[in-house]
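Values quoted throughout were computed directly from the atomic coordinates according to the rules given, and no laboratory measurement underlies them. Here the structure is a predicted model, which means the values were calculated and not measured. Backbone-built Cβ (ideal geometry, glycine too); neighbour counts: all protein chains shown.
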Amino acid sequence: MTHSLRAFVALVVVLSSLGLSGCENVPTRVRERFEAPQPQLRIYQAEQRAVFDAALRASKRIGFTVSRSGAAQGVIKAHSALRPGDAFGKARQNSIDVKIETLDPGLTQVAVVLREQEESESFAGATDLPLRQHALYAGFFGGLDAELGQTGIDPTSEPLPVRPSEPAVK
């Protein structure tokens with residue numbers, strides 16, 4: 001093995017070990033940027049189309065403007081109005097991504113991810129961070145509950161509703 005190849009292999013080994021050992025030291029905010037956001041979930045006893053239409057109205061209830069929607073795909077993308085940022089000339093905006101899918105006939109899951117965009121100080125574009133906890137989640141799901149006339153079930157904290165079995169046909 002040549003001297004330059006040995007040096008390269010040694011450098012790769014050192015950098016790999018540093019990279020693996022430093023995972024706990026990476027700031028939470030930096031790590032969150034590269035992890036896929038976990039959506040907040042609710043399950044409703046209603047058909048997918050009724051939940052989709054109600055989710056459109058709930059998005060508007062919390063002051064969001066729908067920028068893209070597709071009933072067949074069960075997708076809604078919307079954004080809030082621009083708000084002034086911390087510094088002069090900067091602005092912030094929230095966006096919401098809603099995915100609606102049928103679990104069983106009459107049982108529909110709603111998955112929501114909120115994001116916050118803010119202009120960066122370096123004019124290099126905007127930050128785009130998922131929000132794990134925010135009052136807008138409660139606002140959206142509260143509006144959706146009101147539109148559907150029922151409270152959605154959080155599958156992470158409550159068991160799913162059990163549908164009675166159909167009687168056997170003789």
Inset, instruction - Collect residues whose amide H, placed 1.01 Å from N in the peptide plane, falls under 5 Å from the amide H of Arg92; neighbours closer than 5 in sequence don't count. - result: Arg83, Gly85
Legend entry - Local net charge near Pro39, Cβ-Cβ under 11 Å (Lys/Arg +1, Asp/Glu -1): +2
Legend entry - Whole-Hz couplings from phi, Karplus 6.51/-1.76/1.60, listed for the range 59-68; x for Gly and Pro: 4, 5, 4, 8, x, 9, 9, 6, 9, 7
Inset, instruction - Choose one of Val112, His79, Ala138: the residue whose Cα lies farthest towards the positive end of the charge dipole of the range 37-148 (beta-carbon charges +1 Lys, Arg; -1 Asp, Glu; about the Cα centre). - result: His79
Legend entry - Alpha-carbon radius of gyration plus Dmax, which is the widest Cα pair, for the range 37-148 in Å: 15.0, 51
Inset, instruction - Would you please give the residues with an amide H less than 5 Å from that of Gly106, counting only those at least 5 places away or on a separate chain, with H modeled from the backbone geometry? - result: Gln48
